[in-house]
Amino acid sequence: MQLRGCFLVTGLLLLSGTTAQLEFRVPPFNRTAVSATQTTPVANQWRAVTFGNNLFVGVGPGSSPVMSSSDGINWQTAMFTDPITGSQSATALSAAWNGITFGQNLFVAVASDGANRVMTSPDAITWTPRTAAEANQWRAVTFGNNLFVAVASDGANRVMTSPDTITWTHRAAAEANQWSAITFGNNLFVAVASDGTNRVMSSSDAITWIARAAAEANQWRGLTFGNNLLRGKGDLFVAVASDGINQVMSSSDAITWITSSAVETNDWSAITFGNKLFVAAAKDGTNRVMSSPDGVGWTPHTLPKIGKWTAITFSNNAFVAVASPEQPTGVQVMMATFLSPTTAAPTSLAATTTTITAATSTATPSWLIASLGVAVVVVGAIVGAIFWKVRCQVKRNSRQESQRIG
């Protein structure tokens, strides 16, 4: 093939006498995911869940307040081991555990009652009680910048911090609100509250907190941070509320917040981020799960089994949520796993069924939520286009030089 001239136009390499197409394709959002719902080893009002050390770990109140799973499907109740006597008990640390996080190879949970309102464990089996900075109702805990930070809904000082989970120091919150959730992102700790004048506060060191105005005076319950979003959105804090007209708010800096509408006016209680997708869960409503790639536009998802979903996390390519029991189903755990992207989004979402054996129960689960097809950048095509453009220029220069000499 003889090249007599060429130019590049938006992904098409046009050759004089011959045309070759380099087609750049971005796969559409693939919203298919296979999932599972099931009962747990012990019926409990599960309030928080996290992932670490290859384990999903959930906590709640009652005499058996911890459960763990390596795959999000098969769960077992934790047996607390006394570090001194070696004796085991499922009720040794009975308290109303509301929040849990993972950092420094330790699970750390906080409670709203009990003698010791902090407990830690490297494996979700052997737990050690720790003394909280104050006997407050601690609601949530996070980890960032080598620091554990918890927030409370009451007390004189509604923040406490610890670098090692052993010694906790109380800190003054920006306002005496009922702080309900906390997260860490972009070198900032950010918390939201269900009441107060300014229902957001932020801090770079967890010591000095600055009050921020929420987008609306809602009861904000869940908060997460997502980074490297698609559609050029960058990084984003996103919160969900249990009431209000607009039950979602988002911010790139934790200072200026904008609202967006949830898919339904549900009691939205939790939100997480994974695989470039925000996923929120609710305690009531027809569609109790919604998802969004940018924190603004949301898609509803119907669950065939009902649960009062209170917390959700993401890891190992799966979303895992926990709930309080709701009759008659008793479903308290659900999991959604991403499938590989397809060339086109399905027109309908057909449920799949799986039999799951838990520690003390068997259930047949099925539900579907969203996933995301990741855009593929064809580097080789770009390099090839540049090569042909340079080659064309060389031939053009050579032809001009020959004409000049001739």
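Bear in mind that the values in this text are calculations on the coordinates, not laboratory data. In this text the structure is predicted, and so the values were computed from the model without any measurement. In this analysis, Cβ positions are derived from the backbone assuming ideal geometry, glycine residues included, and neighbour counts consider all displayed protein chains.
When Thr161 is tested against (1) over 24 Å from Ser292 (Cβ atoms); (2) touching a residue at least 60 places away in the same chain (Cβ under 8 Å), only condition (2) is not met.
Of the strands (runs of 3 or more DSSP E) that lie entirely inside region 41-123, those containing 1 or more residues that are farther than 21 Å from Ala150 by Cα span 55-59, 66-69. Restricting attention to region 155-171, which residues are of a type outside the set (Ser, Thr, Tyr) and part of a strand (DSSP E or B)? If the condition is that a residue be of a type outside the set (Ser, Thr, Tyr) and part of a strand (DSSP E or B), then Val159, Met160, His170, Arg171 are the ones that fit. If only residues of region 124-154 that are assigned to a strand (DSSP E or B) and among the charged types (D, E, K, R) are counted, the one that is surrounded by the fewest Cβ atoms within 10 Å (Cβ to Cβ) is Arg130.
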